Every structure is written in C-alpha cells, then in structure tokens.
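These notes are about the structure you will find just below.
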Amino acid sequence: MKEKKGSFFNEYLGGDVFSKKTVIKQLPFVLYVVFLLMLYITNTYIAEDINREVLTKTKLLEDRHVEYVYNKSEITRMTKQSELAKILRNKGIKESVEPLKKITINNKVK
C-alpha cells in the first residue's frame, strides 16, 4: 500500500508529523540533538568554572605581587647604612668615624 505524499505544510496541520511511525523515524535525530544540547550545557558550566578559577588566581597573584613590592621596599629601607647604624647603636655597636685605610704589603722575592 502506497502512502499519499502530502505537502510539508499539510502534514503539520493534519497532525501526521506526530504519528507513531514518524516519531520513531525521527527518534535518532532527536536523541542526537538532545545529546548535543547536553554537551553544550556541560561545556558552558565547565567554562564558567575555569573562568572563575582564573579570576581567583589572578586576584591572588595581584595580592602576592603587592606583598612582594612592599617587602622588597622594606628590605631596601632596612639595609640602608643609616638604618643599620640606628639598629646597631641600640645593641652597643658604634659606626666607625675613621676613614678606611688601605694596607699594602711589598713582597720582594729573591
């Protein structure tokens, strides 16, 4: 028995699209589309998680950089001669006021 081929528009208006035979015929395609939608949604969630992690790591990196710059400036300030003299003066060590002297040794080899 040959089925009557109608126009696409008539099939939708007539409800033939939702017949058991048509639904079974289209089931693999529908499952494929559902699978692709699930992959798309999963990919979106994973991308949001990665983005959130990158933002957290970037904030942590900025905090560490600020801490590094602050500590470096503190070390530079504390190792200046005037600061070292103040610290050592409290411990009883005085800064030398005499200029440095160069010691030379003349060795004559015979």
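A short reminder: the numbers here are calculations on the coordinates, not readings from a lab. Note that the coordinates shown come from a computational prediction; the quantities given were computed from them, not determined experimentally. We place every Cβ from the backbone using ideal geometry, glycine too, and count neighbours over all the protein chains shown.
Listed by chain and number, the aspartates and glutamates whose C-alpha is less than 16 Å from the C-alpha of Lys21, apart from same-chain residues fewer than 8 away, are Glu3, Glu11. Candidates (i) 1.26; (ii) 1.14; (iii) 1.74; which is the computed Rg/Rh (Cα atoms, Kirkwood Rh)? Answer label, from the structure shown: (iii).
For the chain, a Gaussian network of Cα nodes joined below 10 Å ranks Asn90, Asn51, Asn43 by mean-square fluctuation, and the top entry is Asn90. Karplus-derived 3J(HN,Hα) values for region 20-31, using 6.51 cos²θ - 1.76 cosθ + 1.60 with θ = phi - 60°, are 4, 5, 5, 5, 5, 5, 8, 4, x, 5, 5, 5 Hz; glycine and proline are entered as x. Relative to the current alpha-carbon distance between Ser19 and Leu39, full extension at 0.36 nm per residue lengthens the span by 4.3 nm.
A straight chain from Lys108 to Lys57 at 0.36 nm per residue would run longer than the Cα-Cα distance by 11.7 nm.
Could you give the dipole magnitude of region 8-90 about its Cα centre, charging the beta-carbon of Lys and Arg +1 and that of Asp and Glu -1, in debye to the nearest 20?
Values: 12 positive and 10 negative charges, 90 e Å.
Dipole of region 8-90, to the nearest 20 debye: 440 debye.
Of all the options Val69, Val23, Val97, the one that moves most in a Gaussian network model of the chain with Cα springs shorter than 10 angstrom is Val97. If you take all other residues with their beta carbon under 11 Å from the beta carbon of Asn71, and give Lys and Arg +1 and Asp and Glu -1, the sum is +1. Just to be sure I understand: with springs between alpha-carbon atoms less than 10 Å apart, which residue in Leu13, Leu61, Leu27 has the highest mean-square fluctuation in the Gaussian network model of the chain? For the chain, modelled as a Gaussian network with Cα springs under 10 Å, the answer is Leu13.
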